[in-house]
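First comes the structure, then the notes that go with it.
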Amino acid sequence: MATLINTYYGSVSSENSYLLDGVDEYLGIPNSAILNNVIMGTGKKFTINAVFRKTTNPANNITFFSRYGSSAGDQSLLFMMLSTGEFLVAIRDGSEKIFRTTNTFNSLTNWYAVSFVYDGVTPANCKFYVDGVDEPISLNTLTSTINTTSGTYTIGVLDFSPSMLNHFDGNMYQISVVDKDISLADHITWRNSGKPLKPEDTFGANMKYQLIGQNNFWNGSDHVNTDNISGLIATSVNMEKSDYVSDSP
């Protein structure tokens, strides 16, 4: 992959998204001590944001963002939509916690803006905000081993190495992580802006890690991303130039 200069929120158009085929395309992000510090361990508070549109209502679940653990099935973080249309997040934080919306979201024309807000101190305070609405959720806690080992992050697929499962099928416009349990008002401000998070966005002094967003582009041989202020670069797997489309919310 070519060496890139970070043109953070420079001249690259924001009116683009990744069109993932639901078969074998996804984006990979290397293990990051910075992201691990935000997400991993007990008592953390953070938010994961996604903007997307589904192409189909698939027979299988579809993955937005996941972090692989030390062995197959040992995911320390999983953010997905179930085949029935509910959002689901599973987190290993001392025990495995599973958060799931009670409502379903099955439109094939709407762009969804969703924020999952995690409060590792008081799990009952965790939230799913979807298009400006604080959605009711269910919480299940299962006995499990905490996983804080190093692992890669993936966007658009569940890394169940050696298998890759639950590929995303549709347009992926944005994935970001905020080192804060944002409020509903924060979510609405971000959602109504129609743009990826920026350093100057009003989430206080908290860092924002734009994993895919405005500065995604094709460098002649691969999709790349330079939005991530922690210095990571998301690279594409099995994607072509035609998968980077002028389509956005």
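Just to verify a result, which residue in the stretch 45-61, among those that are out of contact with any Asp or Glu (no Cβ under 7 Å at 6 or more places or on another chain) and part of a loop (DSSP other than H, G, I, E, B), is surrounded by the fewest Cβ atoms within 10 Å (Cβ to Cβ)?
The residue in question is ALA59.
Return the total of residues in the stretch 79-100 being in contact (Cβ under 8 Å) with a residue 40 or more places away in the chain and assigned to a loop (DSSP other than H, G, I, E, B).
Final tally of qualifying residues: 1.
Just for the stretch 127-159: of the residues that are in a strand (DSSP E or B) and under 22 Å from LEU20 (Cα atoms), which one is modelled with the highest pLDDT?
We begin by selecting, within the stretch 127-159, every residue in a strand (DSSP E or B); these are 127-130, 133-135, 137-142, 153-155, 158-159.
The next check asks that each one be under 22 Å from LEU20 (Cα atoms); those that pass are 130, 153-155, 158-159.
Values: VAL130: 96, TYR153: 83, THR154: 87, ILE155: 89, LEU158: 86, ASP159: 80.
So, considering only residues that are in a strand (DSSP E or B) and under 22 Å from LEU20 (Cα atoms), the one modelled with the highest pLDDT is VAL130.
For (1) touching a helix residue (DSSP H, G or I) at 6+ places or on another chain (Cβ under 8 Å); (2) of a type outside the set (Phe, Trp, Tyr); (3) modelled with pLDDT under 90, each residue gets a yes or a no:
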| position | (1), (2), (3) |
| --- | --- |
| THR7 | no, yes, yes |
| VAL12 | no, yes, yes |
| LEU20 | yes, yes, yes |
| LEU27 | no, yes, yes |
| ASN31 | no, yes, yes |
| GLY41 | no, yes, yes |
| ASN60 | no, yes, yes |
| SER83 | no, yes, no |
| LEU88 | no, yes, no |
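I'm checking my understanding of the structure. Among residues of the stretch 101-121 that are without any contact (Cβ under 8 Å) to a residue 40 or more places away in the chain and assigned to a loop (DSSP other than H, G, I, E, B), which one is nearest to THR42 (Cα to Cα)? Walk me through how you get there before you give the answer.
So the first thing to find is which residues in the stretch 101-121 are without any contact (Cβ under 8 Å) to a residue 40 or more places away in the chain, and the list is 101-105.
If we keep only those that are assigned to a loop (DSSP other than H, G, I, E, B) too, we end up with 102-105.
Values: THR102: 26, ASN103: 28, THR104: 30, PHE105: 31 Å.
Ranking the qualifying residues of the stretch 101-121, first place goes to THR102.
The values are calculated or read from the model by the stated rules, or taken from the named source; none is laboratory data. Just so you know, these numbers come straight off a predicted model, no measurement behind them. We place every Cβ from the backbone using ideal geometry, glycine too, and count neighbours over all the protein chains shown.
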